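Structure record follows, encoded as structure tokens.
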Amino acid sequence: MKAYEIIMETLLRKTFLRVIHLAWLGTYAALFLIPWPPEVWNWGACVFGWSGCLLPLLLSAGIFGDDIASGRISLLVTKPIRPEYLYACRWLGVSLQGAIHLAIAGGVIFTLHGFTGRGNAEHLALWLLAAWLIFNTWAALSTSLSVVVKREHNGMLLVLGAGMVALGVSLLTGLFPGSYGTKLFTGFVRWACPPVELLVDLAKARRSLWGGLGDVGHSIMLTVFYGVLGMILLSRREYKRTGD
């Protein structure tokens, strides 16, 4: 099976994924019916959170877990297809979905904002870039988690995990703002977890040119790290020929 075939299979593997894309894009159009003041509603922040952070968890849900649980993975991971090659093609399929989706979302938002003038579309191009970068990072982390989690639970676990981490940061900064433990934990979240905060600063043009390039490089390095981890996990798994 060639790379193109695996990528296309990933793109078209489930019908409901296309429904999710349409629902996500329809949400942007529906939100323009609400007369948001420009200073209140930022369309870039909306696309960053809605499509950049949440969408990849849905698109990658069960991306390997379904194949492993059903036993289909034993047919895919065969010579001459190496597990690392399969992982890269799967992730590229999800990343391609994200790129296409964000391009269409940007077009929808730009067009409707031009017609209605509702909300704030400042730095929309930077927001779209940041959204695609964080999309890829979340997709790599979710795809790697799918190797060790059955079925489609990887997306749900990441949502719960992100919520717990956010709650932990809020509690620690509120109760122990200057403690060493708080600084250690927040530093770990900032640099080792998907760099949401850093990319938000990039999208808001709060960073210098070199600082922005550093944020882009940091996001790419985390994506590569999560991906390599997933490749190692996939290459070391043993697969059954029948479903669990």
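The values are calculated or read from the model by the stated rules, or taken from the named source; none is laboratory data. Worth saying up front: this structure is predicted, and the values here are computed from it rather than measured. Every residue, glycine as well, gets a Cβ built from its backbone with ideal geometry; the counts of neighbours run over all protein chains shown.
Quickly run through the range 172-216 and pick out the residues that are touching an Asp or Glu at 6+ places or on another chain (Cβ under 9 Å) and among the small types (Gly, Ala, Ser). Before you say what the answer is, go through the steps one by one.
The initial filter retains those residues of the range 172-216 that are touching an Asp or Glu at 6+ places or on another chain (Cβ under 9 Å), namely 189-190, 195, 198-199, 201-202, 204-205, 207, 211-212, 215.
The answer is ALA205, GLY211, GLY212.
Among the residues that make up the range 174-183, is at least one of them over 20 Å from SER142 (Cβ atoms), β-branched (Val, Ile, Thr) and part of a helix (DSSP H, G or I)?
Residues of the range 174-183 that are over 20 Å from SER142 (Cβ atoms), as a first pass: 174-183.
Of the ones still in play, those that are also β-branched (Val, Ile, Thr) are 182.
Next, only the ones that are part of a helix (DSSP H, G or I) stay: 182.
Yes; the residues of the range 174-183 include at least one that is over 20 Å from SER142 (Cβ atoms), β-branched (Val, Ile, Thr) and part of a helix (DSSP H, G or I).
Considering only the range 190-229, how many residues are surrounded by 14 or more Cβ atoms within 10 Å (Cβ to Cβ), closer than 21 Å to SER51 by Cα and among the β-branched types (Val, Ile, Thr)?
So the answer is 4.
Looking at THR173 and the list (1) at pLDDT 95 or above; (2) farther than 30 Å from GLY65 by Cβ, which single condition is not satisfied?
(1)
For the range 1-80, please list each of the helices (runs of 4 or more DSSP H) lying entirely inside it that holds at least 2 residues being closer than 23 Å to ILE134 by Cα and modelled with pLDDT under 90.
Numbers: elements: 3-11, 15-31, 43-47, 55-59, 65-70, 73-76.
Per the criteria, 3-11, 15-31.
Here are LEU57, LEU25, LEU33: which of them is farther than 17 Å from ALA103 by Cα and touching a residue at least 40 places away in the same chain (Cβ under 8 Å)? Reasoning before the result, please.
On the way: LEU25 fails: farther than 17 Å from ALA103 by Cα; LEU33 fails: touching a residue at least 40 places away in the same chain (Cβ under 8 Å).
Only one candidate qualifies: LEU57.
Take ARG118 and tell me if it is surrounded by fewer than 17 Cβ atoms within 10 Å (Cβ to Cβ) and either free of Cβ contacts under 8 Å to residues at least 12 places away in the same chain or outside any helix (DSSP H, G or I) (or both).
Values: surrounded by fewer than 17 Cβ atoms within 10 Å (Cβ to Cβ): no; either free of Cβ contacts under 8 Å to residues at least 12 places away in the same chain or outside any helix (DSSP H, G or I) (or both): yes.
The answer is no for ARG118.
Please enumerate the residues belonging to the range 184-214 that are in contact (Cβ under 8 Å) with a residue 12 or more places away in the chain, part of a helix (DSSP H, G or I) and under 18 Å from PHE225 (Cβ atoms). Write out each step before concluding.
Our first condition is that a residue be in contact (Cβ under 8 Å) with a residue 12 or more places away in the chain; within the range 184-214, this holds for 185-186, 189, 191-196, 198-205.
After this cut, where a residue has to be part of a helix (DSSP H, G or I) as well, the list is 185-186, 189, 191-192, 196, 198-203.
The answer is VAL189, TRP191, ALA192, VAL196, LEU198, LEU199.
Scan the range 144-161 and tell me whether some residue there is assigned to a loop (DSSP other than H, G, I, E, B) and loosely packed, with under 12 Cβ neighbours inside 10 Å. Full working, then the answer.
Step one: of the range 144-161, the residues assigned to a loop (DSSP other than H, G, I, E, B) are 149-152.
Still in the running and loosely packed, with under 12 Cβ neighbours inside 10 Å: none.
No - not one qualifying residue is present in the range 144-161.
Got a sec? Which of LEU129, LEU141, LEU157 is at pLDDT below 95 and of a type outside the set (Phe, Trp, Tyr)?
Numbers: LEU129 fails: at pLDDT below 95; LEU141 fails: at pLDDT below 95.
After applying the criteria, what remains is LEU157.
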